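Bear in mind that the values in this text are calculations on the coordinates, not laboratory data. Worth saying up front: this structure is predicted, and the values here are computed from it rather than measured. Cβ coordinates were reconstructed from backbone atoms using ideal geometry, including for glycine residues, and neighbour counts include every protein chain displayed.
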Amino acid sequence: MANHNAHAGNGHGHDGHGGHGGGHSGSLKSYVIGFVLSIVLTIIPLVVVMNDMFSKQVNTLIILVMAIFQFAVQLLFFMHIRDEEKPRFNLIALIFGLVIMMTIVAGSIWIMTYNTVAG
């Protein structure tokens, strides 16, 4: 009898994590699509670089673009960023962190590229 009462609150569409019900935040189909996209987005730059298909600059651009797509796939299919309830504090914090990271990376590249040591 105690076990029945302990599980009585779970049958009304609430999963205890603020979701809308069963299977909402991660269906098998969603995970499979995300997995396949991740594999494809990993294989594309690998094939391009290993076969010397383009110049060094184009290879770098392809790697960067595929990395951005990979990041988006991870957020959408595995981190469920689109399923988040309002207010979207986690999304705002993520964007803020990305802005800081991009500022640091861009500043570092700028300094390494245009730093001239007089001597």
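Data overview
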read-out: Number of positions in the stretch 43-70 that are surrounded by 11 or more Cβ atoms within 10 Å (Cβ to Cβ) and not in a helix (DSSP H, G or I); value: 2
read-out: Of residues in the stretch 68-79 being free of Cβ contacts under 8 Å to residues at least 12 places away in the same chain and over 21 Å from SER27 (Cβ atoms), the one farthest from the chain's Cα centre (by Cα); value: ILE68
